[in-house]
Amino acid sequence: MAWHKDGDVVRDTDRITVVTKASSVVLSIEAVGVADIGNYTCTAANEFGVDALTMPLVVTGPRSSVALASPANSPSVRRCRHVRGEERNYGTLLLSWNKGGHEIENTDRITVAIKATSAMLTSIPFKWETLATTRPPRVFEFNFPPEVALGDEIIVGCAVKKGTSGPYRIAWQKDSKDVEKDGRLSVFGESKTSAALRITGVRPEDVGNYTCVAKNSFGSDSFTAQLVIHVPPKLQSTGFPSEISVGDDTAAVCLVTKGSPGPFTIAWHKDGEEVRNSHRIAVSVKASSAVLNIQEISVEDVGNYSCTATNRFGTGSLTLTLLVTAPPKVGELSFPSDVALGDEVIVTCVVKKGSQGPYQITWQKDAKEVTKDAGGRVSVSTPSKSSATLRIASLRAEDVGNYTCTAKNRFGSDSVTASLVVHATPKLQSAGFPSDLSLGDDTIATCVVKKGSPGPFKMAWRKDGDELKDTDRVSVVSHVNSIALRVEAPKLGRFDFPADVALGDEIVETCVVKKGSVGPYRIALLKDGKLIEGSDRVSVSSASKSSVLLRIGSLKPEDVGNYTCTASNQYGSDSVTATLVVNGNNPSASQH
């Protein structure tokens, strides 16, 4: 790369500096004069070709150069002469002498003589310091390119205006901090009156306010310009606290980071719907931020909250998840309504949003945990951290039942139960009648619908084709999925005492329920209508499920009386009474 003026290569001089970098070349000219007027061309060449950019340097009339000359024999006389290029014609010139910004007029000590291209100042006595410029420097305004994208290279120059006294100290600052001379952000091309700022590979963090500061012995001046990158907004947020309980208050802040040019349109959304202000929820939007406040959090507030910001270059967004420190909530659970034997059944149990994991999710059937069987026909899998899937291949009748999904976290648990029903005709099972029934015995039989047959059911007992109805000896008891047939109440066997009992004898008698009566039984012994309480001489013990044993040791007169044995089941009761007589006849036992 190189600079040319009117076709000739520009070389460094005491006023002109050319600084070449890898992808740029900077031309600095101090104290521009008529000799500098011309066409300047910047050329760049590589192995594939050449490109060039030409720009003219023109000095306008008000910025015409002037030269001060002092006659050798008169230090009190100064001549102001216009320096004119032969190829330029500036027309009529207005020359004047000024001091402190005001035009000098003739006095008794000072004489000003104006000619076409010169102005003479005579002062008696005269001191050169009178004309010296004793002012702080003035910095030219500068700006960054209007459209800057990430990765671009930027070069901006800072120069001190002519007319102030050097030497100068020129520095660059970003957000009030000095820019180093080396690195991706660097200061280069420094001369007595200028310094350039170079940013290679622009990044978002380069956005900010850049200031050029120039100082001399009399003060300082500065100018600041803002670097803006033309990109969609970039967002950052404080996020929701990790542990929030129902009833708490919370807030989240969404902020557009530096580097995204405004103005912005910012909004909060929950699960895709824009959040509106309510009695509990408030959204406060400012130029580059939006604050979401939620009071008295409820389970309904749980979900994904997205903050979006839009400028003329696009939209940026971020998403936050609001969870509460509460037990998990299991979603609804159901099996298909038209399941038949041999079908495959797959049901997934899912923990609802808002419950904090990790979760322990299990399946139970009829209160027993479901585990993978040997053939893999029944299995439980976990497709995600918040779900568990039950799979039953080739459905069987024994698979019918109540299935429960339970989810636990460190705050508690929740469960949901669903019934698996097979669509098929009812299947029955029964205990049947006892094989050794005798005439006069009682009996019962129960008919039950197997699991897997969907109700409701209409059930009945039939004898030789005719439906059985309730009578004084037969009863039919129906339930949701069963029907019981009962014949008669329990019957007691013989119960009496020996006829030749004497004082001091020991008596042992047994009360037995007849075979065929349906248990379980409640059997009791009473004397003269009162329940017999055991003692060291009198005892009542259970001989079997259908009998009790009465023992009286060393018979006494107070043992004489009426003894009653009673037996009952769910269908009725029976009793038998015997009289105990000492040294006399024993009356026959009476039946009830």
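No lab work stands behind these numbers, since they all come straight from the coordinates. None of these values were measured; they are calculated from a predicted model. Here the Cβ is made from the backbone with ideal geometry for all residues, glycine too, and neighbour counts use every protein chain on show.
List of remarks:
- For peptides 532-538, 465-471, sequence by mean Cβ density within 10 Å, most packed first: 532-538, 465-471
- Expressed in Å, the radius of gyration and Dmax of the Cα atoms of the range 235-322 are 13.0, 40.
- For a straight C-alpha distance cut-off of 18 angstrom, the aspartates and glutamates reachable from Lys385 (same-chain residues fewer than eight places away being disregarded) are Glu332, Asp414.
- Summarising the amide proton neighbourhood of Val179: residues at separation of 5 or more, or on other chains, whose placed amide H is nearer than 5 Å comprise Trp172, Gln173, Lys174.
- Contour minus Cα-Cα distance for Ala460 and Lys161 (0.36 nm per residue): 96.1 nm
- Two-decimal log10 I(q)/I(0) for the range 2-61, as the Debye equation yields it once each C-alpha is a single scatterer, q = 0.13 Å⁻¹: -0.36
- Length available on full extension from Lys329 to Asn39: 0.36 nm per residue minus the Cα-Cα distance, which gives 96.5 nm.
- Note that the range 36-41 has calculated 3J(HN,Hα) couplings of 7, 5, x, 9, 9, 10 Hz, one per residue in order, obtained from phi through the Karplus relation 6.51 cos²θ - 1.76 cosθ + 1.60 (θ = phi - 60°); glycine and proline are x.
- With the simple spin-label model, which puts each label point 7 Å out from Cα in the Cβ direction, the Ile507 to Arg391 separation comes to 7.5 nm.
- Listed peptides 285-294, 3-12 appear in the order 285-294, 3-12 once ranked by packing, highest mean of other Cβ atoms within 10 Å at the front.
- With the alpha-carbon atoms of the range 244-385 aligned to their principal axes, the span from lowest to highest coordinate is 65, 36, 27 Å, starting with the largest.
- Packing, taken as the mean count of other beta carbons within 10 Å per residue, orders the peptides 40-49, 421-430, 317-326, 396-405 from highest to lowest as 396-405, 317-326, 421-430, 40-49.
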